[in-house]
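Below is one structure, written out as structure tokens, with a few remarks after it.
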Amino acid sequence: MRRGLGAGETRVTVWLDSWEWLVLGLARLDADFTVIEPEDFRGAYAAFARRLLAASGRPEPPST
């Protein structure tokens, strides 16, 4: 899924042999981001997010 970038947006393309380290690196960013592909990475990131949410003791993400 490719789309044009809006104001203040940046697209980053990364080629990796192993993406596990990237999950933590992205989580530490003080910026909103969206993982577009590959699907395996999106799934791993979702699993990581669920673990972090569970660790917070909240059943659902906080409302913004």
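The values are calculated or read from the model by the stated rules, or taken from the named source; none is laboratory data. Given the structure is predicted, the values throughout are model-derived calculations rather than measurements. Here Cβ is always computed from backbone atoms with ideal geometry, including for glycine, and neighbour counts include all displayed protein chains. Side chains are part of the model used for accessible areas, which takes the heavy atoms of the whole protein and leaves out ligands, DNA and RNA. Shrake-Rupley method; radii C 1.70, N 1.55, O 1.52, S 1.80 Å.
Accessible surface for the chain, divided over its residues, is 91 Å² per residue with a 1.4 Å probe. Relative to the Cα centre, the charge distribution of the range 4-53, modelled as +1 at Lys and Arg Cβ and -1 at Asp and Glu Cβ, gives a dipole magnitude of about 180 debye. Between the helical axis of 39-55 and the longest alpha-carbon principal axis of the chain there is an angle of about 30 degrees. Heavy atoms only, probe 1.4 Å: what % of the accessible area of the chain goes to carbon and sulfur, would you let me know? Accessible surface attributable to carbon and sulfur in the chain totals 54 percent.
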